[in-house]
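Contents: one structure, followed by commentary.
The values are calculated or read from the model by the stated rules, or taken from the named source; none is laboratory data. These numbers come from a predicted model, not from an experiment. Cβ sites come from the backbone with ideal geometry, for glycine too, and all protein chains shown count toward neighbours. Please note that ligands, DNA and RNA were not included when accessible areas were found on the heavy atoms of the full protein model with its side chains. Shrake-Rupley method; radii C 1.70, N 1.55, O 1.52, S 1.80 Å.
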Amino acid sequence: PRAGKDVADVGRPVLRLKEDRGQVFVEGLKEVELPDLTAAVSAVRLGWANRQCATNGINDESSRSHAVLCVKLLTTKPPAAPGAAPAPPTVTRLCVVDLAGAERQKKTQANGARLNEAMSINKDLMVLGHCLRDLRYNQSKPKATQRVPPFRDSRITMLFRDYLSGSGQISVIAAVSPRACDAVGTLDTLRFAAIAQQVRRP
C-alpha cells in the first residue's frame, strides 16, 4: 500500500483496506498463481516497477511508498491410506515489507507532493513505533491497565495488525547509514529496532 494519505497520481489506482469478519485485506488485489521461479521473479519485478519512487533532494531514486510482497504457500499431504480422502491443504503466508525511510524536511528541502509524501511516510513509521511501544508495555506490565495499540491510525499497521498482535512471527531488519551526517537518523532507527527487539511473541 502507499504511505499514509493518498497522493494523486494519474492512472494509479488507490488501494483501500477493508475488514470482513476480523480479516483485513486490500480491496481490489488478486492472487496470482506462480507455477515456477521464472513466473515468480516476473511478478516481483512487475510489483517493484509499480512502486512509487522519486528524487527527494538526497537520493535520485527514493522510495515514496512502502512495498509489500505476500506469498501464500499451499502444502498438501498424500492420503493416509489408499482410497482415503486427501487431507486439507496447509496454508503458510509470508509477507516481506520494505518500509520507506523517514525523512526530515530541513534536510531534503521537500515541498508540494514530495513533502506530503514524506509527512505520510513519517506518520506511518511513527504509528508503527507507537504500536510496538504499546505491545512492549503490555507484555512487560501484564497487571497494569493494558494499552490499545493504534493499529487503525495507519494502513500499514492495520494491514499487519494480526501479525503484530501475535498471530504470526515477525523479523525486523533495520537499515542504518555509516555517515556522520546521518547520525540522528541512525540513532532513531536503532531506538526503533531496540523496541521491536523487546516485543515477544505471545
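Just to verify a result, which residue in the range 66-89, among those that are farther than 29 Å from K30 by Cβ and within 38 Å of the chain's Cα centre (by Cα), is least open to solvent (accessible area, probe 1.4 Å)?
Initially, the range 66-89 is screened for residues farther than 29 Å from K30 by Cβ, giving 78-85.
Among the residues that remain, those that are also within 38 Å of the chain's Cα centre (by Cα) are: 78-79.
On the way: P78: 109, P79: 66 Å².
So, considering only residues that are farther than 29 Å from K30 by Cβ and within 38 Å of the chain's Cα centre (by Cα), the one least open to solvent (accessible area, probe 1.4 Å) is P79.
Do any residues in the range 65-89 that are touching a residue at least 60 places away in the same chain (Cβ under 8 Å) have Cβ atoms under 8 Å from those of residues that are among the charged types (D, E, K, R) and in a loop (DSSP other than H, G, I, E, B), where the two are at least six apart or on different chains, and which pairs are they?
What qualifies is S65/R2; S65/R51; H66/R2.
Considering (1) farther than 19 Å from S65 by Cβ; (2) touching a strand residue (DSSP E or B) at 6+ places or on another chain (Cβ under 8 Å), say which one S171 fails and leave the rest.
Every condition holds for S171 apart from (2).
Mind listing just one residue for me: the one in the range 27-65 that is open to solvent by 90 Å² or more (accessible area, probe 1.4 Å) and in a helix (DSSP H, G or I) and, of those, modelled with the lowest pLDDT?
Selected residue: W48.
Just for the range 128-161: of the residues that are of a type in the set (K, R) and free of Cβ contacts under 8 Å to residues at least 12 places away in the same chain, which one is most open to solvent (accessible area, probe 1.4 Å)? Spell out the reasoning first.
As a first pass, look at the range 128-161 and keep what is of a type in the set (K, R): 133, 136, 141, 143, 147, 152, 155, 161.
Among the residues that remain, those that are also free of Cβ contacts under 8 Å to residues at least 12 places away in the same chain are: 141, 143, 152.
On the way: K141: 98, K143: 201, R152: 168 Å².
The qualifying residue most open to solvent (accessible area, probe 1.4 Å) is K143.
Which one is most open to solvent (accessible area, probe 1.4 Å) among residues in the range 180-202 that are within 13 Å of R133 (Cβ to Cβ) and in contact with a helix residue (DSSP H, G or I) (Cβ under 7 Å, 6 or more places away or on another chain)?
In this case the residue turns out to be Q198.
One line per residue, one yes/no per condition, for (1) assigned to a helix (DSSP H, G or I); (2) touching a Cys at 6+ places or on another chain (Cβ under 6 Å):
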| residue | (1), (2) |
| --- | --- |
| R136 | yes, no |
| Q139 | yes, no |
| P142 | no, no |
| V148 | no, no |
| T157 | yes, yes |
| Y163 | yes, no |
| V184 | yes, no |
| L187 | yes, no |
| Q197 | yes, no |
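Which is assigned to a loop (DSSP other than H, G, I, E, B) and open to solvent by less than 90 Å² (accessible area, probe 1.4 Å), of S177, S171?
Selected residue: S177, the only one of S177, S171 that is assigned to a loop (DSSP other than H, G, I, E, B) and open to solvent by less than 90 Å² (accessible area, probe 1.4 Å).
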